[in-house]
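I have placed the structure first, in the form of structure tokens, so that the comments after it can refer back to it.
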Amino acid sequence: METIFISIASYRDPELLPTIKDALSNAKHPDNLKFGICWQHDETESLDEFKDDSRFKIINVPYEYSKGACWARNMIQELYNNETYYLQLDSHHRFVKNWDNILIKMLKSLKKKNHKKPILISYLPGFNPDTDPKGRIEECWSLEFDRYLPEGPIFIKPHTIPNWREIKEPIPAKFLSGHFIFTLGKWATEVRYDPLYYFHGEEPSLSARSYTHGYDLFHPNKIVI
């Protein structure tokens, strides 16, 4: 049984519940999904329908005590329990049918090409929750350098991959995105989040440290999420 640990840091996001439900309903093997959620919320929000579900580990944080995205994702990594794969997301996504199977096959295809520790990353194309599935952006994106921020770190932006519909396999990437990561489960222990980063600087830091821990970065050639 190949399991997927799904890391979601959510800050008062009304799309968290729809994201969870869409992930489960479109997975080929929903019982193999294990969710680690840092739920930063107020008293009007609820995850009660999943509180007794053994697939879920939820860190309950009143929103006013939040210390930022990287702090939250660092705590979620503590919940990892030797699952086969690691998937990191934001809390506002929609999924294609059998998305879990597609990502696993994509990662295995890279391992067959002697990439011992491949990692799939991207900024994911957008959708409109009020009209979905109408209005989905149907493009695969790469991450490209845009500028240096005043604080020092680089800022990256998405670009449409030319002729992505004709590409038959994932393509090499320069940078890692914090809102979509799919890789081997052990990444959660080998490349730990720095909780002292609040937000900016997260992605170049993870890019460099993933690469120096032996991971090869790739962009998916298919829209999966």
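Among the listed residues Asp90, Asp48, Asp42, identify the single one that is acidic (Asp, Glu) and surrounded by 16 or more Cβ atoms within 10 Å (Cβ to Cβ).
Details: Asp48 fails: surrounded by 16 or more Cβ atoms within 10 Å (Cβ to Cβ); Asp42 fails: surrounded by 16 or more Cβ atoms within 10 Å (Cβ to Cβ).
Selected residue: Asp90, the only one of Asp90, Asp48, Asp42 that is acidic (Asp, Glu) and surrounded by 16 or more Cβ atoms within 10 Å (Cβ to Cβ).
Condition check: in contact (Cβ under 8 Å) with a residue 24 or more places away in the chain, more than 18 Å from Phe180 (Cβ to Cβ), small (Gly, Ala, Ser) and in contact with a helix residue (DSSP H, G or I) (Cβ under 8 Å, 6 or more places away or on another chain). Does Ser91 satisfy that?
no
Do we have Ile59 as open to solvent by 30 Å² or more (accessible area, probe 1.4 Å), part of a strand (DSSP E or B) and under 26 Å from Phe199 (Cα atoms) here?
yes
Evaluate the following for Leu107: is it within 15 Å of the chain's Cα centre (by Cα), under 25 Å from Ile137 (Cβ atoms) and assigned to a strand (DSSP E or B)?
Numbers: within 15 Å of the chain's Cα centre (by Cα): yes; under 25 Å from Ile137 (Cβ atoms): yes; assigned to a strand (DSSP E or B): no.
Considered against the rule, which asks whether it is within 15 Å of the chain's Cα centre (by Cα), under 25 Å from Ile137 (Cβ atoms) and assigned to a strand (DSSP E or B), Leu107 comes out as no.
Going residue by residue through the stretch 173-188, is there one that turns out to be within 30 Å of Lys112 (Cα to Cα), charged (D, E, K, R) and at pLDDT below 95? Please lay out each step first, then the result.
In the first step, residues of the stretch 173-188 are kept if they are within 30 Å of Lys112 (Cα to Cα); the result is 173-188.
Now narrow it down to the ones that are charged (D, E, K, R): 174, 186.
Checking the rest, the ones that are also at pLDDT below 95 come to 174.
Checked against the condition, which is being within 30 Å of Lys112 (Cα to Cα), charged (D, E, K, R) and at pLDDT below 95, the stretch 173-188 yields at least one hit.
Quickly run through the stretch 97-119 and pick out the residues that are open to solvent by less than 40 Å² (accessible area, probe 1.4 Å) and of a type outside the set (Phe, Trp, Tyr).
Once the filter is applied, which keeps residues that are open to solvent by less than 40 Å² (accessible area, probe 1.4 Å) and of a type outside the set (Phe, Trp, Tyr), the stretch 97-119 yields Asp100, Leu103, Ile104, Met106, Leu107, Leu110, Lys117, Pro118, Ile119.
Tally time: how many residues in the stretch 184-213 are more than 13 Å from the chain's Cα centre (by Cα) and within 19 Å of Asn82 (Cβ to Cβ)?
Summing the residues that are more than 13 Å from the chain's Cα centre (by Cα) and within 19 Å of Asn82 (Cβ to Cβ) in the stretch 184-213 gives 7.
Can you tell me which of (1) touching a Lys or Arg at 6+ places or on another chain (Cβ under 7 Å); (2) surrounded by fewer than 19 Cβ atoms within 10 Å (Cβ to Cβ) is the one His29 doesn't meet?
Single failed check for His29: (1).
Confirm whether Leu16 is out of contact with any helix residue (DSSP H, G or I) (no Cβ under 7 Å at 6 or more places or on another chain) and touching a residue at least 60 places away in the same chain (Cβ under 8 Å). Step through it out loud before you land on a result.
On the way: out of contact with any helix residue (DSSP H, G or I) (no Cβ under 7 Å at 6 or more places or on another chain): yes; touching a residue at least 60 places away in the same chain (Cβ under 8 Å): yes.
When the stated conditions are applied, Leu16 passes them.
Got at least one residue in the stretch 5-17 being within 16 Å of Arg94 (Cα to Cα) and in a helix (DSSP H, G or I)?
Looking through the stretch 5-17, at least one residue is within 16 Å of Arg94 (Cα to Cα) and in a helix (DSSP H, G or I).
Please state which of the following conditions Ser122 fails to meet, knowing it meets all the rest: (1) closer than 21 Å to Pro220 by Cβ; (2) buried (at least 18 other Cβ atoms within 10 Å of the Cβ); (3) touching an Asp or Glu at 6+ places or on another chain (Cβ under 9 Å); (4) polar (S, T, N, Q).
Of the numbered conditions (1) closer than 21 Å to Pro220 by Cβ; (2) buried (at least 18 other Cβ atoms within 10 Å of the Cβ); (3) touching an Asp or Glu at 6+ places or on another chain (Cβ under 9 Å); (4) polar (S, T, N, Q), the odd one out for Ser122 is (3).
Please give the strands (runs of 3 or more DSSP E) falling wholly within the stretch 126-225 in which 3 or more residues are open to solvent by 30 Å² or more (accessible area, probe 1.4 Å) and more than 18 Å from Asp90 (Cβ to Cβ).
Once the strands (runs of 3 or more DSSP E) in the stretch 126-225 are filtered for at least 3 residues that are open to solvent by 30 Å² or more (accessible area, probe 1.4 Å) and more than 18 Å from Asp90 (Cβ to Cβ), what remains is 141-148, 154-160.
Consider Lys21 carefully, then state whether it is surrounded by fewer than 19 Cβ atoms within 10 Å (Cβ to Cβ) and without any contact (Cβ under 8 Å) to a residue 24 or more places away in the chain.
So Lys21 passes the test.
The values are calculated or read from the model by the stated rules, or taken from the named source; none is laboratory data. Worth saying up front: this structure is predicted, and the values here are computed from it rather than measured. Note that we place each Cβ from the backbone using ideal geometry, even for glycine, and neighbour counts take in every protein chain shown. What goes into the accessible areas is simple: the full protein's heavy atoms, side chains included, and nothing from ligands, DNA or RNA. Shrake-Rupley method; radii C 1.70, N 1.55, O 1.52, S 1.80 Å.
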